[in-house]
């Protein structure tokens, strides 16, 4: 599973982040993302009944992914264990926590570990992160900050996270990000607009469209 998720990260590097305080809204957003072609769906633990929603999404999909269903805001070992038990196929944390990494590695789950400084990024990679989520980027300089930390750390694969719009993907890609975590901006007002935004996001993430 870990290798299969890694292959999807390489081919469709947009992680659709579902973060809302309504279980029903979260289910609707996840369905919209899947229908729009997003192949990596992250259900955060801030969603009420998040693990049950993951189970439901996996049951609806049936068989193997993509789309892959993962869990985010996995801040500690207990949440990591709950995510694995629910069937989450990848795990995303906002912080570098050894316990999370140990659970993910033991279960052979693709692991995205959050970090911000050079020290944290190196530590996240050392603890077994397949991908380091540099977070939160917009408040500390966005693409310029990412480009700066990648000067000494260009050998570490990084996901850009922290809240930015679809059109900003190109700048983060130019700064060296290989994947992009993005939520509500993929949806917009819904309907045809959502489909267009997701197609645009994937094209920018793959380097198939101009900014």
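The values are calculated or read from the model by the stated rules, or taken from the named source; none is laboratory data. Keep in mind that this is a model prediction, so the values were computed, not measured. Neighbour counts are summed over all protein chains in view; Cβ atoms, including those assigned to glycine, are modelled from backbone coordinates with ideal geometry.
Structure above, values below:
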| quantity | calculated |
| --- | --- |
| Which listed residue, of 42, 25, is assigned to a helix (DSSP H, G or I) and either over 12 Å from the mean Cα position of the chain (by Cα) or closer than 21 Å to residue 132 by Cβ (or both) | 25 |
| Residue list for segment 172-191, filter: in contact (Cβ under 8 Å) with a residue 40 or more places away in the chain, closer than 18 Å to residue 149 by Cα and part of a loop (DSSP other than H, G, I, E, B) | 177, 178 |
| Checklist (1) assigned to a strand (DSSP E or B); (2) within 14 Å of residue 12 (Cβ to Cβ) applied to residue 204, failing item | (1) |
| Single condition residue 63 does not satisfy, out of (1) under 21 Å from residue 184 (Cβ atoms); (2) part of a loop (DSSP other than H, G, I, E, B) | (1) |
| Residue within segment 92-100 that is touching a helix residue (DSSP H, G or I) at 6+ places or on another chain (Cβ under 8 Å), assigned to a helix (DSSP H, G or I), exposed (fewer than 15 other Cβ atoms within 10 Å of the Cβ) and at pLDDT 95 or above present | no |
| Answer residue from segment 59-68, given it is buried (at least 17 other Cβ atoms within 10 Å of the Cβ) and at pLDDT 95 or above and is nearest to the chain's Cα centre (by Cα) among those | 68 |
| Residue in segment 45-58 that is surrounded by 15 or more Cβ atoms within 10 Å (Cβ to Cβ), closer than 21 Å to residue 161 by Cβ, over 13 Å from the mean Cα position of the chain (by Cα) and in contact (Cβ under 8 Å) with a residue 60 or more places away in the chain present | no |
| Residues of segment 149-171 satisfying the condition of being more than 13 Å from residue 15 (Cβ to Cβ), touching a helix residue (DSSP H, G or I) at 6+ places or on another chain (Cβ under 9 Å) and assigned to a helix (DSSP H, G or I) | 149, 150, 152, 153, 166, 167, 168, 170, 171 |
| Count - residues of segment 45-60 that are assigned to a loop (DSSP other than H, G, I, E, B) and closer than 26 Å to residue 127 by Cα | 2 |
| Residue check for residue 154: more than 23 Å from residue 73 (Cα to Cα) and crowded, with 19+ Cβ neighbours inside 10 Å | no |
| Within segment 104-116, tally of residues that are out of contact with any strand residue (DSSP E or B) (no Cβ under 8 Å at 6 or more places or on another chain) and either buried (at least 24 other Cβ atoms within 10 Å of the Cβ) or free of Cβ contacts under 8 Å to residues at least 12 places away in the same chain (or both) | 1 |
| Test set (1) in contact with a helix residue (DSSP H, G or I) (Cβ under 8 Å, 6 or more places away or on another chain); (2) surrounded by fewer than 16 Cβ atoms within 10 Å (Cβ to Cβ); (3) modelled with pLDDT of 95 or more - residue 71 fails condition number | (2) |
| Output for segment 181-211, where each listed residue is surrounded by fewer than 22 Cβ atoms within 10 Å (Cβ to Cβ) and in contact with a strand residue (DSSP E or B) (Cβ under 8 Å, 6 or more places away or on another chain) | 183 |
| Matching residues, segment 112-140, being farther than 20 Å from residue 173 by Cα and either assigned to a loop (DSSP other than H, G, I, E, B) or within 12 Å of the chain's Cα centre (by Cα) (or both) | 127, 128 |
